[in-house]
Amino acid sequence: MIYVLGSINADMVVYSDRFPEVGETLVGSDFLLNQGGKGANQAIAAQKAGGGTEFIGRVGDDYFGEFVLKNLKDAGVSLRVKRDKGTFTGIALINVNGKGENKIIIIHGANGNVGDEEINYLESHVKSGDIFMIQGEIDPRVLEKSAKNAFEKGAIVIFDPAPVSEELKSVIKYSTFVTPNEVEIRSLTGFSGKEGIESLFSLGAKNVIVKKGEKGVCYYGEKGEFVLPAFKVKSVDTTGAGDTFNGAFAAAISENFPLKEALIFAEAAAAISVTRNGASISAPKRSEIEAFLNSHSF
Ligand code: RIB
């Protein structure tokens, strides 16, 4: 089983040719309201890529709570989600420019209430051989405790340290795979390049997968070091591409794909997702990933 503990948001996305300057009002080209949140996105991507997935998180008792859960249900993800009274569902305000790049501000809302109930639930469910996925959008104390429990039981812990905060450093030692991008490595460690990777290992990392977008993926860890290029596609919206990557990677690892194949499978899923608008609604189904892999090479 793939357990995903994390955030779920209502993403309000505005598209514009370029990002506005400070103090500037810009006329955009389109608007999209869709479900997001790194946790929920990863759960949906994993399920669509073929993994049996359960999502653990919280929404508010507002309109958005029902709206965002629909996507998880439609994808077939099992849910252990509490609806907190008097709280609003997590929100993300997103601006996507003409190159498909994004700027995101999140407000935690109900995601900020994920706590001891979820820790206890996971302690009694996650077992050796399961996959446990986490990101940086819930309380770091909850991440650390639940990752420690899962890791010590022999589960495979996949940790996406985004958005970065100092407290996330203590989660790294309980992670089988850490999946930052280059900016996150610099914010987490104060270093870039090889020094940044070494710094992650000194914090207890076992395997580091650096997500470099259109430059591909670099791996450092128990299987050595290697670089994989990215598939070339025309990007329209990169929102959630890293989440799709992680979800598809988890699905492949749950089927015991060799590491390189799992990473290529994840890259294919992410490549498809950036050719479509939205977060988890852009994550491809298993059949689409397989068709893409049959028709594309680096
Ligand atoms: O990774 C993309 C996600 O980050 C968005 O869906 C947004 O909700 C934020 O969590």
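Per-structure values
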read-out: Expected-Rg normalisation [2.2 N^0.38 Å, Cα atoms] applied to region 171-298; value: 1.03
read-out: Principal axis dimensions, region 108-183 - Cα atoms, whole angstrom, descending; value: 32, 27, 16
read-out: Whichever aspartates and glutamates have a C-alpha closer than 13 Å to that of residue 215, once near sequence neighbours (fewer than 8 apart) are set aside; value: 182, 267
read-out: Helix-only CD estimate at 222 nm, as mean residue ellipticity for the chain, using -39500 (n - 2.57) per DSSP H run (n ≥ 4); value: -11000 deg cm²/dmol
read-out: Long pairs among 212/232; 99/285; 145/211; 148/169; 38/127; 82/127, criterion Cα-Cα beyond 18 Å; value: 99/285; 145/211; 38/127; 82/127
read-out: Computed P(r) (all Cα pairs; region 55-197; 10 Å bins; percent); value: 11, 34, 37, 16, 2
read-out: Reachable aspartates and glutamates, given that their alpha-carbon falls under 15 Å from the alpha-carbon of residue 103 and they are not under 8 places away in the same chain; value: 11, 17, 21, 184, 237
read-out: In region 2-105, the GluC sites (Glu not before Pro) that fall in loop regions by DSSP, at most 10 other Cβ within 10 Å; value: 21, 24
read-out: Distance between region 116-144 and region 220-298 - C-alpha centres, whole angstrom; value: 24 Å
read-out: Largest-first principal axis extents, alpha carbons of region 108-152, Å; value: 32, 18, 13
read-out: Solvent-accessible heavy-atom area per residue, rounded to whole Å², over the chain at 1.4 Å; value: 42 Å²
read-out: Surface share of carbon and sulfur [accessible, 1.4 angstrom probe, percent] for the chain; value: 54 percent
read-out: Angstrom value of the Kirkwood radius, inverse mean 1/r, which spans all Cα pairs in region 1-92; value: 14.2 Å
read-out: Cα pair count fraction exceeding 16 Å, expressed as % - region 150-192; value: 34 percent
read-out: Average projection area in nm² (convex hull over Cα atoms of region 121-227, one quarter of hull surface); value: 6.5 nm²
read-out: Among beta bridges that DSSP assigns inside the chain, antiparallel share in %, nearest 5; value: 45 percent
read-out: Principal axes of region 86-134: Cα extent on each, largest first, Å; value: 45, 34, 9
read-out: For the chain, built as a Gaussian network whose Cα springs stay under 10 Å, the top-fluctuating residue of 211, 85, 260; value: 85
read-out: Magnitude of the charge dipole, region 48-119, Cβ model with Lys/Arg +1 and Asp/Glu -1, debye to 20; value: 240 debye
read-out: At q = 0.11, 0.12, 0.13, 0.17 Å⁻¹, base-10 log of I(q)/I(0) for the chain (Debye sum, equal scatterers on each alpha carbon); value: -0.59, -0.72, -0.85, -1.52
read-out: Estimated dipole of the chain in Debye, rounded to 20 [Cβ of Lys and Arg +1, of Asp and Glu -1, Cα centre]; value: 460 debye
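The values are calculated or read from the model by the stated rules, or taken from the named source; none is laboratory data. Note that the structure is a prediction, hence the values are computed from the model and not measured. Reconstructed Cβ throughout: ideal geometry from the backbone, glycine too, with neighbour counts over all protein chains shown. We work out accessible area using only protein heavy atoms, side chains counted, and drop any ligands, DNA or RNA first. Shrake-Rupley method; radii C 1.70, N 1.55, O 1.52, S 1.80 Å.
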